[in-house]
1. Give me the distance between the Cα centres of segment 214-293 and segment 40-80, rounded to whole Å.
2. Kindly flag which residue pairs out of 61/291; 71/94; 156/189; 71/189 have an alpha-carbon separation exceeding 20 Å in this structure.
3. Taking amide hydrogens as modeled 1.01 Å from N in the peptide plane, which residues meet the under 5 Å criterion relative to residue 120, leaving out close sequence neighbours?
4. For residue 92, which sequence-distant residues (separation of 5 or more, or a different chain) have an amide H within less than 5 Å of its own amide H, given hydrogens modelled in the peptide plane?
5. Expected output is a single nm value to one decimal: the length gained when fully extending between residue 238 and residue 301, i.e. 0.36 nm times separation in residues minus the C-alpha distance. What is it?
6. Can you pull the one-decimal nm distance between simple spin-label points at residue 81 and residue 281, each 7 Å off the Cα toward Cβ?
7. Place a +1 charge on the Cβ of each Lys and Arg in segment 62-143 and a -1 charge on the Cβ of each Asp and Glu, then give the dipole magnitude about the Cα centre in debye, rounded to the nearest 20.
8. For segment 173-185, just list the computed ³J(HN,Hα) in residue order, Karplus coefficients 6.51, -1.76 and 1.60, θ = phi - 60°, integers in Hz, with x standing in for Gly and Pro.
Amino acid sequence: MRLAKPLWTAGLLFLAGFAGVMHPALAQEYPSRPITLLVGFAAGSATDSVARLAGQHLTPKLKVPILVDNKPGAGTILSVQTLIKSPKDGYTLKLGTSGTLVQSPGVVKDLPYDVLRDFVPIVGVARVGGVLVVRNSLPVSNVKELIAYLKKNPGKVTYGSAGIGAAGHLNGEYFMFKTGTEMIHVPYKGANQVSTDIVAERLDLALTNGAPAWPLIRAGKMRALAVTTLSRMQSAASVPTLIESGFPGAEGLDPYTFYGIVGPAGLPPGPIARINQAVNEILQDQDFVKKLANMEFEADAPNTPADFARFLASQLAVWKELGARLTVTLN
């Protein structure tokens, strides 16, 4: 399914060209005070960790503090509304995820924001592969056995996510849609809480961010059935992919989620260009890249606003195609 002339791409090609010819004195005016980076999840969540690490590395580049503002709840809509209502001056930005930027806009009906109208993409920051994990006592050893178990126990198995509308929620909906199964969704305020409850056997399974999961998997506190990446992960070579496990349509779950900075629509070219430049600098900083890898994240390649816009448009097309056949609500 193709999007008709995505507004992001055309607009940002203009912005990128215009920013390149700005007078140096104008470019130096921004930033002159702290920048707030909105996060739609609780402190300690995977998104929060990426935001704080990026903020630490961006502060010396931009010479102003990066203040992470956590606004969890309502499927990240609280943070989205804060961004939309903020002044268009570059001092309030958002670290968006796939759930906010492409998955919810693709499949959720009556979403109270329009991703094409309300945001301006600035730069991609990181991507991460997901993992399908289960509590140790769940009587399945692979994905085929899990699907069979779910079909024998419709509506009895619980799966967790970092919140309604988050990647884990919508990937779970995708999994059920593709396999013809039914589970009970249990929303939390962060992926760490999901892993904690699987270890405690209060939750059956999750399609979750690998960052909080892998240390617990390696410690034997919960089990990994498959990874969502198209090829096996180097850090977990013994765990098969969903494709190898016979899961239909697994390509739609890679990347499991991604992180990128967006601003409110109407943001001038100067802040867009400056933030993009600073983030691209840290994406080539080996300390930042290594620390992301230690958290199970992969740093994005340096990218322009137009590059990030094209990536979002391609991802949105995938989820809009699914949304034509699947209805998800945030209630």
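The values are calculated or read from the model by the stated rules, or taken from the named source; none is laboratory data. Owing to the predicted nature of the structure, the values given are computational and were not obtained by experimental measurement. FYI the Cβ positions are ideal-geometry reconstructions off the backbone, even for glycines, and counts take in every protein chain you see. Surface accessibility is based on the protein's heavy atoms, side chains included, excluding ligands, DNA and RNA. Shrake-Rupley method; radii C 1.70, N 1.55, O 1.52, S 1.80 Å.
1. Answer, in whole Å: 16.
2. Correct reply: 156/189.
3. Here the answer is 263, 265, since their amide H atoms fall under 5 Å of that of residue 120.
4. Correct list: 36.
5. Roughly 20.0 nm would be gained on extension.
6. Using points 7 Å along Cα→Cβ, the separation is 3.6 nm.
7. Dipole magnitude for segment 62-143 comes out near 120 debye.
8. These are the phi-based 3J(HN,Hα) values: 4, 4, 4, 5, 4, 6, 9, x, 10, 9, 10, 9, 7 Hz.
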